[in-house]
Amino acid sequence: MSDSKENIHPFDPNQALRTKGLLETPGTLSQPIWRELHIFLSVAKNGAFARAAEELGVSQPTVARAVERLQDVVRARLLVITNQGVQLTAEGQSLARRVADLDFAIHNISTDISSTAKMPRGRVRVSITEGLAGLFGAPAMREFCAMHPEVDVDFRLPSNLIDLKENQTDLMVGFMKADSAEVTTRELGFLHFIPIATREYVDKRGLPLRSNLDCHDVIQSDYYAARTGLWEDWLKVCNKGRVRYSSDSMFSYSMLVKSGLGIGLLGSYTCIEPSAIPLDLDVHVRVPIYGVALTQRLENPAVRAMFDWLCETFAPENPWFAPDLRLSIPPGKHDEGLRFLLNL
């Protein structure tokens, strides 16, 4: 007795595949909670129902109901409400991290779909410190946007100067290399930090010298307080003087110095300010700048264009980021952002 099927080899490459892909499977595999996940992610990032509601443009009760429904579906308590705001449970933290990764993946997908080979377009997320962004990155965007009108730019403060994934960003301009096969790192110029005081402070308290630091007020930053060895010379100044003020915000820190409240450690570009006086205190911290990007994201024309542009902006050819310290630089394209601020 013969069977017509007996000659069919089970691994015959000519056979049509019988398995169905996910797009061929009727129905969805997940619960219909996309909106609730989106709202929950906003709550997790903002730490409060009210701020999430404001960000999403919905009412606070809507946010609360969405979170309750999500908790019912996943059958777990995701957060608790305290006097200090919303605190995530262990399950909530786990879900928030996974949803954040999904949100970033969706961002990448939408950006890739909207991009074309001829015209870079889409949104590019850039993590960069507020000083570099405000004084150099943002002013450079005028020319970049004229060249690439379809590229939208999202500047954001880095929560971690190394980890692109933690920042959920496409690229970074920072002070640390990223050693990973998934990351492209480009060495740029150098940021020079020197002690600065204002003329107002010097007129009132006298010129700070190495020999009289015990008579002067010092302004400290949490960033400089790290015992990494990089800031050792500045820490010696702090130990000899009196630390009157401190800040974990570099913008606030620079404003404290500019207000004439004490000696601060600022970028050499501060010297363009007429009231700024560089001080000879045996302190010069030279920090290398790096452009870092997810290698896969550089295949996107918009991300590649932004990466190349920022690397050019912070290259050593810009005299403020040259290897050697310069305190007097002729006006030019490289410092138009600084001069704009002086005219405010």
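The values are calculated or read from the model by the stated rules, or taken from the named source; none is laboratory data. Remember, it's a predicted structure, so these values are computed and weren't measured experimentally. With ideal geometry, Cβ positions are generated from the backbone for all residues, glycine too; neighbour counts draw on all protein chains shown.
Annotations
- Within the stretch 191-224, being within 24 Å of residue 286 (Cβ to Cβ), assigned to a strand (DSSP E or B) and not hydrophobic (A, V, I, L, M, F, W, C) holds for 192, 195, 198, 220, 221.
- The residues of the stretch 121-154 that are assigned to a strand (DSSP E or B) and of a type in the set (Val, Ile, Thr), listed by number, are 124, 126, 128, 151, 153.
- The stretch 326-344, subset assigned to a loop (DSSP other than H, G, I, E, B) and touching a Phe, Trp or Tyr at 6+ places or on another chain (Cβ under 9 Å), residue modelled with the highest pLDDT: 326
- There is no residue in the stretch 161-175 that is part of a loop (DSSP other than H, G, I, E, B), touching a Leu at 6+ places or on another chain (Cβ under 9 Å), of a type outside the set (Lys, Arg) and not assigned by TED's automatic domain parsing to the domain that holds residue 301.
- Count of the stretch 283-309 residues, restricted to those that are part of a strand (DSSP E or B), in contact with a His (Cβ under 9 Å, 6 or more places away or on another chain) and either of a type in the set (Val, Ile, Thr) or over 18 Å from residue 191 (Cα atoms) (or both), is 2.
- Residue match in the stretch 149-163 (condition: more than 19 Å from the chain's Cα centre (by Cα) and charged (D, E, K, R)): yes
- Filter result for the condition that a residue is more than 13 Å from residue 131 (Cβ to Cβ), in contact with a Lys or Arg (Cβ under 8 Å, 6 or more places away or on another chain) and crowded, with 18+ Cβ neighbours inside 10 Å, over 281, 256: 281
- For residue 118, the conditions (1) surrounded by 15 or more Cβ atoms within 10 Å (Cβ to Cβ); (2) modelled with pLDDT under 75; (3) assigned to a loop (DSSP other than H, G, I, E, B) all hold with the exception of (1).
- Residues within the stretch 47-65 that are touching a residue at least 24 places away in the same chain (Cβ under 8 Å) and either part of a helix (DSSP H, G or I) or over 19 Å from residue 100 (Cβ atoms) (or both), tallied: 2
- Candidate set: the stretch 47-106, residues that are touching a Ser or Thr at 6+ places or on another chain (Cβ under 7 Å) and hydrophobic (A, V, I, L, M, F, W, C); chosen: the one surrounded by the most Cβ atoms within 10 Å (Cβ to Cβ): 52
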